[in-house]
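So the structure is just underneath, and the comments pick up after that.
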Amino acid sequence: MKSFRLQDYLNEIYASYPGRKAKPVIGITANYSDGDACLRDRYYKQIIEGGGVPLLIPPVADKDVLVNTLERIDGLLLTGGGDYNPLWCGEEPSPELHGINAERDLPELLITRLAYHRQIPMLGICRGIQTLAMALGGEVEQDICKGRTKERENEGAKERGGEPLIKHSQDADRSEATHSVAVENDSILYQLYFSTLRSTLDCLSGKNLLYVNSFHHQAVRSPGKRFRVTATAPDGVIEAMESCEEKAIMGVQWHPEWLGSDGQPLFRWLVEQADVYRRARQLHQKILTIDTHVDTPMFFPQGIHFHQRDPRILVDLHKMTEGGLDAVFMVSYLPQPKPGEAFSDKVTFPASHSQLPTPHSYADAIFDKIASIVEENSDYLALARTPDDLYANKEAGKKSIVLGIENGLAIEDDLSLLTHFKDRGVAYITLCHNGDNLICDSARGEHTHGGVSTFGEQVISEMNRLGIMVDLSHGGEQSFYDALDISLKPIVCSHSNCKALCDVPRNLTDDQLRALAKKGGVAHTTLYHGFLRTSDEATIRDAVAHLEHAISIMGIDHVGIGTDFDGDGGVPGCADASEVINFTMQLLRRRYSDEDIRKIWGGNWLRVWREVEG
């Protein structure tokens, strides 16, 4: 019997501690009608049934409201509703355009793009799939019938699907399935529905048919480069699409909220993905996350704005914040001249310097520019010279930059420059790059020294004395083993992958990985596609495969991540600093513990850094 005693309900809540189960919060975009923000109850009831906590998002375009909302939700449901103003996609209105909803358009386009940058899982329904397309590079047909007529009028144009247009705006009850859609085998939809063969499915003539309801006269014309089509109606109209970037984003043209248990798999999928995102974000708030190799300083001479979301670079303050990244090792990269080439011909020196750059002066100029960027953004950014600085900066709410050098060419032939760079805050030096130098042979060199040179031995010994980490990424195999023998401290490979999975000279053999671990060192998986796969396009899954192979050889205490962002690093699923949280989500799905993920995201590296410093 229903009670009207409030205390009875409170007693039930407080009967145990903590009194609630942690669940992901799903933001639901509200409709707007006659001055009211409103929402069909089917949406939030399906979210609750799927295990989530619904949160209504009013149609407001205020940037502070949007950003603060996104910081409090774990998933986003883009709901159905009226037409978009076609001016948002550079088109004039068709006579067949229905009522537009100007109050919703800008807020939903903004929140979708911002959620995309934050890797927040999204599900778009009817208008929602069109929101995804319009916000993220696709195209929407203002009216399906009008669009099909134009297709037929175009000389030589093929009709979509080769079939006449079916009726997409039905008069039936909303809970009634009214037409079929064909589902692609390698899609999330297929996994959600055909793995259990629900009653609304059919497999006729080899087709995976899902029966859906339909109440629309618009549809996605083209999904754009970020999505792929995963379901179509018999007439070829796009009925579903999902991310082709290894992100948890999907859109459907029908209304699953009205289909009861037959619609529930989609909402359960969103809630499950949102829960992984929630756990990843909470973990990033607790642990220190470090990317041990980025080449962003290469772009600083171009007038980069580090405090903006600058499309010219893969690492900036906004992207680090969106991805939950606390610190980056920014390297001064020095290209290795070939015999007879001048170093000054291979680099762009700041206009304020009149002299020809030397390796030493060029590295200093890069570090000067980094220092000025840090000073300009001192409320949010700081240099770190020690592991303790990293923790202090995180506690103060600041992102950290640590200095590194990629190519020992920077010290020229002068050991005293090691002291100079140590005083500047350089934490590691990659001994060589793509070509032999005075220190050692490169993985892509000419075996000039047969490994580490006599001068190189002195360099490694002095780096040990000063507390600078020795980095053997790019080093030749003999150079690697020589450095292991010479160094009294563990060495690092800041951005190197596994040769067993991708047979290129730059990657490490299993024997090298074992030897590195035996001496206490670390090897950090990089996202440069050429070191992940020798054919086809690499994705985040390939990077995880290299990490897991390294773990199988070395153990969890000797691995990490060095993306090589802005040095051609970045793959679908982890294409810039805003997407590094996707790597954490991949690890959580594979049931890595919080402690293991802490080690991978910098804990192992910090252990080596402290040992080298000591």
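The values are calculated or read from the model by the stated rules, or taken from the named source; none is laboratory data. Fair warning: this is a prediction, and the values are worked out from it, not measured in the lab. Backbone-built Cβ (ideal geometry, glycine too); neighbour counts: all protein chains shown. Just so you know, the surface numbers come from the protein's heavy atoms only, side chains and all, with ligands and any DNA or RNA stripped out. Shrake-Rupley method; radii C 1.70, N 1.55, O 1.52, S 1.80 Å.
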- Message: What are the pairs with Cβ atoms under 8 angstrom where one residue, in the range 166-177, is assigned to a loop (DSSP other than H, G, I, E, B) and the other, located anywhere, is exposed (fewer than 15 other Cβ atoms within 10 Å of the Cβ) and not polar (S, T, N, Q)? Sequence gap at least six, or different chains.
- Response: Q170/E176; S175/G260
- Note on the structure: Residues in the range 16-70 that are at negative phi and either of a type outside the set (A, V, I, L, M, F, W, C) or in a helix (DSSP H, G or I) (or both) total 37
- Out of the range 283-311, which residues are part of a loop (DSSP other than H, G, I, E, B) and either closer than 17 Å to K394 by Cβ or out of contact with any helix residue (DSSP H, G or I) (no Cβ under 6 Å at 6 or more places or on another chain) (or both)? I287, L288, T289, D295, G303, I304, H305, Q308, D310, P311
- Are there any pairs with C-beta distances below 7 angstrom linking a residue in the range 526-541 that is over 17 Å from D564 (Cα atoms) and assigned to a loop (DSSP other than H, G, I, E, B) to a residue that is open to solvent by less than 60 Å² (accessible area, probe 1.4 Å) and at pLDDT 95 or above, with the two at least 6 apart or on different chains, and if so which? T534/C502; T534/V504
- Does at least one position in the range 563-578 carry a residue that is open to solvent by less than 20 Å² (accessible area, probe 1.4 Å), β-branched (V, I, T), touching a strand residue (DSSP E or B) at 6+ places or on another chain (Cβ under 6 Å) and outside any helix (DSSP H, G or I)? yes
- Query: If you check Y44 against the conditions, is it surrounded by fewer than 23 Cβ atoms within 10 Å (Cβ to Cβ), touching a residue at least 24 places away in the same chain (Cβ under 8 Å) and among the aromatic types (F, W, Y)?
  - Reply: no
- Looking across the range 169-193 at residues that are at pLDDT below 90 and open to solvent by less than 80 Å² (accessible area, probe 1.4 Å), the single one that is farthest from the chain's Cα centre (by Cα) is A172
- Scan the range 132-152 for residues that are at pLDDT 95 or above and open to solvent by less than 30 Å² (accessible area, probe 1.4 Å) and jot them down. L132, A133, A135, L136, G138
- Query: Pick from L87, L106, L110, L114: which is open to solvent by 20 Å² or more (accessible area, probe 1.4 Å), assigned to a helix (DSSP H, G or I), of a type outside the set (D, E, K, R) and without any contact (Cβ under 8 Å) to a residue 12 or more places away in the chain?
  - Reply: L87
- Output the number of residues of the range 509-523 satisfying the condition of being out of contact with any Pro (no Cβ under 8 Å at 6 or more places or on another chain) and either farther than 16 Å from A483 by Cβ or open to solvent by 10 Å² or more (accessible area, probe 1.4 Å) (or both). 7
- Message: Filter the range 464-497 down to the residues that are surrounded by fewer than 24 Cβ atoms within 10 Å (Cβ to Cβ), in contact (Cβ under 8 Å) with a residue 60 or more places away in the chain and either among the basic types (K, R) or under 30 Å from I540 (Cα atoms) (or both) and list them by number.
- Response: K489, P490
- May I ask you to list the residues in the range 1-32 that are open to solvent by 50 Å² or more (accessible area, probe 1.4 Å) and polar (S, T, N, Q)? Q7, N11, S16
- Task: Take R591 and decide whether it is surrounded by fewer than 19 Cβ atoms within 10 Å (Cβ to Cβ), of a type in the set (D, E, K, R) and farther than 15 Å from H524 by Cα.
- Result: yes
- Message: For the list (1) open to solvent by 40 Å² or more (accessible area, probe 1.4 Å); (2) touching a residue at least 24 places away in the same chain (Cβ under 8 Å); (3) in contact with a Pro (Cβ under 6 Å, 6 or more places away or on another chain), I need the number of the one condition that A37 fails.
- Response: (2)
- Task: Can you run down the residue pairs with Cβ atoms below 9 Å, 6 or more apart or on separate chains, where the first is in the range 364-390 and among the aromatic types (F, W, Y) and the partner is open to solvent by less than 40 Å² (accessible area, probe 1.4 Å) and assigned to a helix (DSSP H, G or I)?
- Result: F367/P297; F367/F421; Y380/L317
- Task: Just name the residue that is farthest from E412 (Cα to Cα) out of those in the range 289-316 that are within 15 Å of the chain's Cα centre (by Cα) and surrounded by fewer than 20 Cβ atoms within 10 Å (Cβ to Cβ).
- Result: R309
